[in-house]
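Step one of this worksheet: look at the structure below.
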Amino acid sequence: MTTVTFMVQRAAFRRRGPPWLLLLTLFLLGAFIFGAPSRATANIFLSTTPQLILTWSIDGTARVWDAATGTEQLTFKHDAAVRGARWNSDGTRILTWSDDNTARVWDATSGDEYFILKHESGVLGAAWNTDNSQILTWAADGTVHVWDASSGEKRFSPVAEPSPGTYRVGAMWNADESKILSWVWWFPSSGGNPSGTVHVWDVAAGKEIWMLPPKMRFGAVWNAAGNHILVLDIPTVLDAASGEELLTAKKLRGWLYGAGWNKDESRISYWMDNGTIHVINASSGTEELKLRHGQAGSEVYGVVWNNAATELMSWSDDDTTRVWDSNTGEERLTLEHDALVNGASWNSAESRILSWSDDGTARVWDAVTGQQSFVLQHDDSVIDAAWNTDESLILTCSTDNTARVWDAATGQQLSILRHEGFVNGAIWSPR
């Protein structure tokens, strides 16, 4: 599944409140997804061979574990909560980033620290490029930086000047990594409405190609080919080379929580804080479907397309995951939890559905009948969950301070990986 999306992940935020408060709280939790695939997990990613697991936590550590035994192999220490971690593509190095104003690169075998990438505020995100030669980081003060991954030296800063009041920022390479897309959203320190800018940068030259002036924009994502950009205020599609507006959806009342193309990018779905999901034609902007997830007042936290784009799956604070026919709008399945649902995904064959919730469970369902296969029980909210590549195992992480590994056929718990604070995420090793 290669659907390109931009969505808000509810994570462990339990209290209802105004949309701006939800978004601010999610930001502070590091719970946004930027250009994720349609498997709707913010913090758990899939690997080719489930030999090792990398976890990270608000306890200030990232840790490597043996996936089969649950034995801790390495610990990487920061001075504040760790927001994320990634192996490089060959599994020889690990990149971590933290609220202690640093990203750090470590030897994945010995645990030795290679270097520290220092920032002026908490680091919200980071990414290797494809050949592991560069690292892209973005921080809470609105700055974005590109670093040499061999030396730790800063190559250039696409956004170097902090924006007063900034509380959301993100960045990503395009498909061939010749350009960087960045966005910043902030409440002005003097008060008033939030505002946001979107920028595109030339990586080789280290220069800005174009920017959108301040407006209520709070995110953007490349399409798969890198020739279009989807911007979130009202969903708007831009020409990536010029910034020219190609399509703008109809303005609706309410806050937008996310949007995404289907696989062939012929349709765009977007979802709101008022419980509605909208599907528009990506060429004309014509609305083709309007779906209501639960009662008025429900908030839809995420939507993904299936591979054939014949179905949509959504999850909400009404404690359900729902599957819809994307042509007729018919609700095909309703999968019930006992508290708000944080995310859901199909397996590769789309024969099973995995969902996870603030009720302390992840659950596996038959994707045809909606029958529940089994329940994976934690002691507090399950933030994320995912199958490994051959779908023999399921990895979950929770605010009960653990990540856990389960047999995907039986639901049997195989190992518990314990931290001293909420586990923010986990990843299978790439080797």
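The values are calculated or read from the model by the stated rules, or taken from the named source; none is laboratory data. Remember, predicted model here, so these are calculated numbers, not experimental data. Glycine gets a Cβ as well: all are built from the backbone with ideal geometry, and neighbour counts include every protein chain shown. Calculation scope for accessible area: heavy atoms of the full protein, side chains included, ligands and nucleic acids excluded. Shrake-Rupley method; radii C 1.70, N 1.55, O 1.52, S 1.80 Å.
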Toy charge model, Lys and Arg Cβ at +1, Asp and Glu Cβ at -1: the chain dipole around Cα centroid in debye, rounded to 20, equals 640 debye
Whole-Hz Karplus couplings 3J(HN,Hα) for the stretch 303-312, θ = phi - 60° and coefficients 6.51, -1.76, 1.60, Gly and Pro as x, run 9, 10, 8, 7, 5, 7, 6, 8, 9, 10
Residues whose modelled amide H sits under 5 Å from the amide H of S298, counting only those 5 or more places away in sequence or on another chain, are none
With x for Gly and Pro, the residue-by-residue ³J(HN,Hα) of the stretch 224-236, computed from phi through the Karplus equation 6.51 cos²θ - 1.76 cosθ + 1.60 at θ = phi - 60° and given in whole Hz, is 4, 7, x, 9, 10, 10, 9, 10, 9, 9, 8, x, 9
Computed for the stretch 249-380: size of charge dipole around the Cα centre, +1 on C-beta of each Lys and Arg, -1 on C-beta of each Asp and Glu, debye to nearest 20, value 580 debye
In nanometres, the difference between 0.36 nm per residue of separation and the alpha-carbon distance of S133 and T92 is 13.5 nm
Taking 112-120, 63-71, 343-351 and ranking on average Cβ neighbours within 10 Å, highest first, one gets 343-351, 63-71, 112-120
If the chain between N193 and T369 were fully extended at 0.36 nm per residue, the gain over the current Cα-Cα distance would be 58.8 nm
Scalar couplings 3J(HN,Hα) for the stretch 275-286 by Karplus 6.51 cos²θ - 1.76 cosθ + 1.60 (θ = phi - 60°), nearest whole Hz, x for Gly and Pro, are x, 9, 10, 10, 10, 10, 6, 6, 9, 9, x, 5
Dividing the mean separation of Cα pairs under 8 Å (6+ apart) by the residue count of the stretch 168-237 yields a relative contact order in percent of 25 percent
Interchain or sequence-distant (5+) residues whose placed amide H lies within less than 5 Å of the amide H of L247 are V237
Here FRET efficiency (C-beta to C-beta, A349 to S151, R₀ 30 Å, nearest 0.05) is 0.10
Violations at 26 Å Cα threshold for listed pairs K179/K263; K154/K263; K154/K179; K179/K215; K77/K179; K77/K154 -> K154/K263; K77/K179
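Using a probe of 1.4 angstrom, how much of the accessible area of the stretch 293-378 is carbon and sulfur, in percent?
Working: 1140 of 2790 Å².
Looking at the stretch 293-378 in its full context, I get 41 percent from C and S.
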With R₀ set to 25 angstrom, the calculated FRET efficiency between the beta-carbons of N327 and Q295, to the nearest 0.05, is 0.50
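Find the accessible area per residue for the chain; the probe is 1.4 Å, ligands and nucleic acids are left out, and the unit is Å².
Working: 15800 Å² over 431 residues.
Heavy-atom SASA per residue in the chain reads 37 Å².
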Rounded to a whole %, the carbon-and-sulfur portion of the accessible area of the stretch 90-165 at a 1.4 Å probe is 45 percent
Reviewing (i) 20.3, 56; (ii) 24.4, 88; (iii) 22.6, 74, the figure for Rg and Dmax of the Cα atoms in Å actually calculated from this model sits under (i)
Residues whose built amide H sits under 5 Å from the amide H of H378, excluding neighbours closer than 5 in sequence, are T361, A362
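When only Cα pairs under 8 Å and 6 or more residues apart are kept, what is the percent relative contact order across the chain? Spell out each step's value before the answer.
On the way: 1271 pairs, mean separation 66.8, N = 431.
Reported relative contact order: 16 percent.
Going from most exposed to least, what order do K251, K263, K179 have by accessible area with a 1.4 Å probe?
On the way: K251 150, K263 100, K179 60 Å².
From most accessible down to least: K251, K263, K179.
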